[in-house]
Amino acid sequence: MNEDILLESREGAVARLVLNRPAARNSLSLAMLDELTDAITRLGAEPEVHVIVIAASGPGFCAGHDLKELTAAREQPDGGRAFFEMAMGKCARLMMSIVRCAKPVIAEVHGIATAAGCQLVAACDLAVAADDARFATPGVNIGLFCSTPMVALTRNVGRKSAMRMLLTGDMVRAEEAQAMGLVSDVAAASDLTETTMALASRIAAKSPATMKIGKETFYAQIEMPLPEAYEFAAEVMVLNMLEPDAQEGIGAFFEKRAPQWNPL
């Protein structure tokens, strides 16, 4: 891993990934997209990691795609088309790597999260925002509608709220973002990391196998019609009941002791 652009650390069963391009407002260059996707995929397969936190260095979380990198590609014979396709493809793979990761992924957001940076927040399972954080999909202001950020955004917030963000490009404050469903928690800026890590640690103490089952089921059922979703979820509950961790957890509940979970 290139530690200059993405830093990694561990606190118990929680892995922290820190976007580290502060001078570029942690914009998602091709290298950053690759590093982050690879890290999430790798950490998702490591048994000792139960939760992944994505944070950032510098004054803000992420300003979206690296516009300087995209603009430079216009000098290519095809006007940049091949580069744009590669960049958007890598971005989509990053977002899907978060959804498909067996471990819960939490965004720790300070400063601004705009365009693909806002998309990154929306793609995470949970997001803790500093009370002074701001969110926007401002592409419309520069003639570039935030179509790919729209995918994650519209799966988190209501249609009218999403369309207002997309059509105006206006900044949304942390409290409003929480009310809309874009972020799950808001903390004082001075307590952001402590609040995020406390949440991550609580989740990391749960059964890894159960977290995997639950996350996979959540994203599968949410796209289904209601009757199909209930049928699918009922079958998952049956399979979950047969899992060793379910037997252990229920037994520990009756015996009034802490459960001993199996590694994933």
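The values are calculated or read from the model by the stated rules, or taken from the named source; none is laboratory data. This is a predicted model, so every value here is computed, not measured. Using ideal geometry, Cβ is built from the backbone for each residue, glycine included, and neighbour counts are taken over all protein chains shown. Please note that ligands, DNA and RNA were not included when accessible areas were found on the heavy atoms of the full protein model with its side chains. Shrake-Rupley method; radii C 1.70, N 1.55, O 1.52, S 1.80 Å.
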Worksheet item: For the pair Glu228 and Arg81, how long in nm is the line joining their label points, each one 7 Å along Cα→Cβ?
Response: 3.5
Worksheet item: When the helices in the chain are scored as -39500 (n - 2.57) per DSSP H run of 4 or longer and the sum is shared across all residues, what 222 nm value do you end up with, to the nearest 500 deg cm²/dmol?
Response: -15000 deg cm²/dmol
Worksheet item: What residue among Pro208, Pro47, Pro104 shows peak mean-square fluctuation when the chain is described by a Gaussian network model with Cα springs under 10 Å?
Response: Pro47
Worksheet item: Which FRET efficiency value, to the nearest 0.05, do you get for Thr210 and Ala72 by plugging their Cβ-Cβ distance into 1/(1 + (r/R0)^6) with R0 = 45 Å?
Response: 0.45
Worksheet, complete the sentence: The farthest towards the positive end of the charge dipole of the range 1-157, of the residues Leu43, Val105, Thr137, given +1 on Cβ of Lys and Arg and -1 on Cβ of Asp and Glu, is Thr137
Worksheet, complete the sentence: Residues whose modelled amide H sits under 5 Å from the amide H of Asp66, counting only those 5 or more places away in sequence or on another chain, are Leu28, Ser29
Worksheet entry | Matching label, mean projected area of the Cα convex hull in nm² computed from the structure shown, candidates [x] 14.1; [y] 15.4; [z] 17.8 | [y]
Worksheet, complete the sentence: Using alpha-carbon positions, the gyration tensor of the range 43-148 gives root eigenvalues a ≥ b ≥ c; with a/c under 1.5 called rounded, otherwise prolate if a/b exceeds b/c, else oblate, the class is oblate
Worksheet item: Whole-Hz Karplus ³J(HN,Hα) for the range 158-168, in order, using 6.51 cos²θ - 1.76 cosθ + 1.60 and θ = phi - 60°, x for Gly and Pro?
Response: x, 4, 5, 5, 5, 5, 5, 4, 6, 7, 9
Worksheet entry | Extended-chain gain in nm, criterion 0.36 nm per residue less alpha-carbon gap, Ser147 and Ser201 | 16.0 nm
Worksheet, complete the sentence: Percent relative contact order for the chain, counting Cα pairs under 8 Å at least six residues apart, stands at 16
Worksheet entry | Long-range lysine pairs (8 or more apart or interchain), the chain, Cα under 29 Å | 14
Worksheet entry | Gain in span if fully extended, Glu46 to Met96, counting 0.36 nm per residue against the direct Cα distance | 16.2 nm
Response to the item:
So the carbon and sulfur contribution to the accessible area of the chain, 1.4 Å probe, in percent, is 58
Worksheet item: In whole Hz, what ³J(HN,Hα) sequence does the range 230-238 give by Karplus (6.51, -1.76, 1.60; θ = phi - 60°), x for Gly and Pro?
Response: 5, 4, 5, 5, 5, 5, 4, 4, 4
Practice prompt. Could you order Tyr219, Tyr230 so the one with the most accessible surface comes first? Probe is 1.4 Å.
Written response: Tyr230, Tyr219
Item to complete: Can you work out the accessible area per residue across the chain, with the rest of the protein chains kept in place, probe 1.4 Å, in square angstrom?
Response: 51
Worksheet entry | Residues in the range 228-244 that a label on Gln221 would reach, taking backbone N under 11 Å of a point 7 Å out along Cα→Cβ | 228-238
Worksheet item: How high is the FRET efficiency between Thr154 and Lys256 when r is their beta carbon distance and R₀ equals 41 Å, given to the nearest 0.05?
Response: 0.40
Discussion item. Output wanted: per-residue J couplings in Hz (rounded whole) for the range 143-150, from phi through Karplus 6.51 cos²θ - 1.76 cosθ + 1.60, θ = phi - 60°, x for Gly and Pro.
Written reply: x, 9, 4, 7, 5, 6, x, 4
